Amino acid sequence: MTGYISIRNLHKYYGPFHALTGIDLDIAEGEVVCVVGPSGSGKSTLIRCINMLEPFSEDSEILVDGVRVKPGANLAKVRTEVGMVFQSFNLFPHLTVRENIMLAPRRVRRTRKSEASAEADRLLARVGLTDHADKYPSGLSGGQQQRVAIARALAMEPRALLFDEPTSALDPEMVGEVLDVMRDLARSGVTMIVVTHEMGFARQVADRVIFMDGGAVVESGDPADIFAAPKEARTRDFLQAVLDH
Amino acid sequence: MDLFETFFNLEVLQQSWPMLIKGLWLTLKLGIASIIAGLVLGLFLCLLRLYSVAPVRFLTRCYINVFRSIPLLVLLIIVYYALPFVGIRLSSFASAMAALTLVSGAYTAEIFRAGIEAVPKGQFEAAAALGLSPRQTMADVILPQSVRIVIPPLTNNSINVIKDTALASVVAMPDLLKQATQAQALAANPTPLIGAAAIYLAFLLPAVLLVGQLENRMNRGKS
Ligand SMILES: Nc1ncnc2c1ncn2[C@@H]1O[C@H](COP(=O)(O)OP(=O)(O)OP(=O)(O)O)[C@@H](O)[C@H]1O
Ligand SMILES: [Mg+2]
């Protein structure tokens with residue numbers, strides 16, 4: 001079986017350091033996958049290889065909807081199809097909220113301005129930020145900024161979304177509003193790969209949970225199984241440590 | 001002899017005024033042309049310095065270091081007096097503009113580089129993840145943020161360029177300083193020199209104060 005996103009023998013080196021040690025992974029269209037694991041296990045590196053924010057070894061292969069991820073026209077196509085949401089939001093501070101959302105459709109898809117603007121307003125309504133379109137990012141709370149970042153990614157009508165710890169930089173009282181938006185997205189049928197420490201979210205929303213350690217996938221499966229009866233000792237230790245505190 | 005009559009002789013000033021204004025005009029033309037050409041050259045050098053292949057990056061770094069090290073006056077005299085030996089004969093204006101631009105471009109490249117490197121890596125990544133090309137990323141995301149950072153140092157550099165235009169009088173360009181020294185010779189009185197100094201100050205002092213304000217505002221914005 002090959003998935004909508006298909007990863008074969010993925011190796012990644014940072015200089016001499018072997019950060020990903022041969023990962024094989026298939027993700028079906030519409031699937032919601034949560035990636036968990038200790039700090040430094042390679043979770044960010046894994047999802048950043050999918051849209052090639054990190055280059056990876058030549059003999060590794062990543063396909064998105066059958067298109068091989070490699071520099072050039074392929075990568076441009078993959079990046080319009082796969083959106084990304086970062087831990088630190090990375091909104092463009094010199095643009096208003098609406099302009100942040102309009103930029104990529106305008107430049108990459110050459111959408112007409114009026115159309116892009118109307119679409120931005122629709123997306124803002126979807127993430128519950130209708131009244132904030134003309135503000136600058138610095139005028140928003142962390143939770144609001146992250147919801148704008150999600151709207152910005154959605155503006156390219158991606159079929160898959162990558163999330164790298166989207167709630168880790170937020171004050172606790174703002175985590176919920178972002179997870180609510182993500183829960184909504186998961187229901188909409190978009191493929192999602194979510195690196196997260198929010199075990200409650202993973203348990204409720206994920207179709208599959210992947211546990212990584214030392215640059216490899218140690219265990220993966222149905223969230224109910226992984227959380228209730230992890231097979232591997234390393235998974236057990238990790239979950240115990242996370243759930244205990 | 002009355003000191004005031006010597007240095008602030010209004011009659012002499014009045015007589016030499018048209019010459020000074022003619023010189024000022026040329027000084028401003030040279031300064032502004034060199035500033036603009038230096039900005040274009042600097043942006044170009046900076047992009048080569050950051051984003052081209054390794055050998056070009058190396059050559060660009062060499063250029064920047066050499067032209068930041070060479071005294072402007074030496075460069076100017078080489079352009080004006082030495083290049084004719086290899087058949088390149090530039091007017092005094094063109095020589096001065098060439099020397100000013102070559103040096104200003106080197107400084108400007110470093111200013112732009114600092115401005116680009118001050119933009120967080122996450123901004124490049126967010127733009128790339130959205131599918132923007134490197135060129136679009138620069139034009140729509142990075143440079144608009146860099147501009148705010150580089151305005152104070154660029155203004156500073158522009159002040160230096162205007163000041164350095166006075167060196168052009170060495171290659172007989174009738175700029176403000178040259179006109180003033182000629183008027184002084186004609187009138188046998190130093191007042192035109194004082195007048196020229198006052199005119200330089202009238203233009204540059206407000207610019208210096210403006211830079212100070214911009215820098216203060218930047219520093220306040222940071223915290
Ligand atoms: N740019 C880099 N240069 C060198 N080493 C890196 C770089 N980025 C990551 N690493 C190393 O690669 C390993 C995997 O990093 P990665 O960021 O993918 O981990 P992670 O699972 O996302 O951790 P965290 O939960 O802390 O975000 C770590 O050991 C890290 O130190
Ligand atoms: Mg990470």
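Counted by Cβ distance under 11 Å from A:ARG109, the other residues give a net charge of +1, where Lys and Arg count +1 and Asp and Glu count -1. Only Cα sites of chain B enter the Debye sum here, all with the same form factor; the resulting log10 I(q)/I(0) across q = 0.10, 0.14, 0.19 1/Å is -0.58, -0.95, -1.32, listed in q order. Computed from Cα positions, the angle between helix B:54-69 and the longest principal axis of chain B comes to roughly 20 degrees. Here the residues A:VAL35, B:VAL147, ranked from fewest to most Cβ neighbours within 10 Å of their Cβ, fall in the order B:VAL147, A:VAL35.
Take A:93-105, A:73-85, B:82-94 and order them by the average number of nearby Cβ atoms within 10 Å per residue, most first; the result is A:93-105, A:73-85, B:82-94. Look at where the Cα atoms of segment B:161-203 and of segment A:137-183 average out, and the two centres are 61 Å apart.
Restricting attention to the protein assembly as shown, the count of lysine pairs at 8 or more positions apart or across chains with alpha carbons under 15 Å apart stands at 6.
With an a/c value of 1.5 or above and a/b not larger than b/c for the gyration tensor axes a ≥ b ≥ c computed over the alpha-carbon atoms, chain A is described as oblate. Simple spin-label estimate for A:ALA76 and A:HIS18 gives 3.7 nm between the two label positions (7 Å along the Cα-to-Cβ direction from each Cα).
Per-residue 3J(HN,Hα) values for segment B:12-21, derived from phi via the Karplus relation 6.51 cos²θ - 1.76 cosθ + 1.60 with θ = phi - 60°, read 4, 4, 4, 5, 8, 3, x, 5, 4, 5 Hz in sequence order (x marks Gly and Pro).
Calculate the FRET efficiency for B:ALA202 and B:TYR81 from the Cβ-Cβ distance with a Förster distance of 30 Å, rounded to the nearest 0.05. Each step should come with its number before you reach the end.
Numbers: r = 33 Å, r/R0 = 1.09.
Efficiency, from the Cβ-Cβ distance: 0.40.
Per residue, the Cα convex hull of segment B:65-131 amounts to 124 Å³.
Centre-to-centre separation between the Cα atoms of segment B:76-122 and those of segment B:1-69: 10 Å. Taking the alpha carbon gyration tensor of segment A:90-236, multiplying each eigenvalue by 5 and rooting it gives semi-axes of 33, 16, 13 Å, largest first.
Within 10 Å of each residue's Cβ, count the other Cβ atoms and sort A:ASP26, A:ASP134 from fewest upward. It would help to have the intermediate numbers written out before the result.
Working: A:ASP26 14, A:ASP134 10.
Ascending Cβ contact count within 10 Å gives the list A:ASP134, A:ASP26.
Rounded to whole Å, the principal axis extents of the Cα atoms in the protein assembly as shown read 105, 51, 44, largest first.
Read-outs: derived from the displayed coordinates by stated rules, not from any lab. Here the structure is a predicted model, which means the values were calculated and not measured. Neighbour counts run over all protein chains shown; Cβ positions are idealised from the backbone, glycine included.
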